[in-house]
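Read the structure below first, then the notes.
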Amino acid sequence: MTHAPALLVIDMQNALAAIAHRSAETVSVIAGLRARARAAGIPVITVQHHGGGLEPGTDGWRIVPELAPGGADPVVAKTSADSFLDTELAATLDALGTTELLVTGFATEICVDTTARQALSRRYDLVLVADGHTTSVREEADGPYAAPDASVAHHNEIFRHLDFPGRSIRVLAAADVDFRPPARGVTPG
């Protein structure tokens with residue numbers, strides 16, 4: 001089977017970027033990776049959440065300007081944390097012949113995690129872009145959630161140790177992504 005990666009940009013919408021930890025840095029990392037993907041002929045798919053205060057046509061619902069999809073970029077609407085559930089994502093990936101997903105976006109422990117695990121269950125190889133996902137700012141330092149940096153680091157480490165037979169799972173900084181096929185039998189991170 002031919003190696004065919006696609007870059008997935010999840011929920012990088014104005015209202016969510018406004019509450020995101022290290023928002024500007026994450027947007028910049030994703031924008032740089034997206035430019036490199038396009039230059040390499042790698043498809044870029046934007047996932048856009050609908051509902052829960054993100055109503056189509058509103059400013060908060062729109063994708064941040066730096067990551068606005070180009071005319072040829074597929075945009076997938078979703079209504080849950082799972083970018084595959086009741087969406088056109090699987091059909092879009094099938095039409096593109098995708099074998100590996102590079103996952104970026106918001107929020108680390110919700111939509112990014114859920115979509116990445118679903119991708120593995122659906123037999124895609126996975127690259128979790130270590131510096132290309134973020135979570136919300138935490139108002140309470142002693143609250144029940146992990147601090148944002150800890151949450152991102154925790155998920156990166158968990159994905160470095162996941163084992164899905166027959167799947168390659170890599171956790172790479174955006175600068176280390178080269179779009180080449182993963183080494184089989186190895187789960188580098």
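The values are calculated or read from the model by the stated rules, or taken from the named source; none is laboratory data. Model, not experiment: these values are computed from the prediction. Don't worry about glycine lacking a Cβ; one is built from the backbone with ideal geometry, like all the others, and counts go over all protein chains shown. For the accessible areas, the whole protein counts, side chains as well, though only heavy atoms, and no ligand, DNA or RNA atoms are used. Shrake-Rupley method; radii C 1.70, N 1.55, O 1.52, S 1.80 Å.
The single condition among (1) open to solvent by less than 50 Å² (accessible area, probe 1.4 Å); (2) at pLDDT 95 or above; (3) assigned to a loop (DSSP other than H, G, I, E, B) that residue 59 does not satisfy is (1).
Matching residues to (1) farther than 25 Å from residue 86 by Cβ; (2) open to solvent by less than 20 Å² (accessible area, probe 1.4 Å); (3) without any contact (Cβ under 8 Å) to a residue 60 or more places away in the chain:
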residue: 2; (1), (2), (3): yes, no, no
residue: 12; (1), (2), (3): no, yes, no
residue: 23; (1), (2), (3): yes, no, no
residue: 26; (1), (2), (3): yes, yes, no
residue: 41; (1), (2), (3): yes, no, yes
residue: 48; (1), (2), (3): no, yes, yes
residue: 54; (1), (2), (3): no, yes, yes
residue: 64; (1), (2), (3): no, yes, yes
residue: 67; (1), (2), (3): no, yes, yes
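For segment 62-77, give me the residue count where each residue is touching a helix residue (DSSP H, G or I) at 6+ places or on another chain (Cβ under 6 Å) and in a strand (DSSP E or B). Residues that pass the stated criteria total 1. Checking 31, 37 one by one, the residue that is in contact (Cβ under 8 Å) with a residue 24 or more places away in the chain and either within 22 Å of residue 136 (Cβ to Cβ) or not hydrophobic (A, V, I, L, M, F, W, C) (or both) is 31 and no other.
Would segment 84-94 turn up any residue that is within 20 Å of residue 134 (Cα to Cα) and either among the small types (Gly, Ala, Ser) or in contact with a strand residue (DSSP E or B) (Cβ under 7 Å, 6 or more places away or on another chain) (or both)? No, that holds for no residue.
One residue is enough: does segment 79-89 have a residue meeting the conditions touching a residue at least 60 places away in the same chain (Cβ under 8 Å) and in contact with a Phe, Trp or Tyr (Cβ under 9 Å, 6 or more places away or on another chain)? No, the conditions are met nowhere in segment 79-89.
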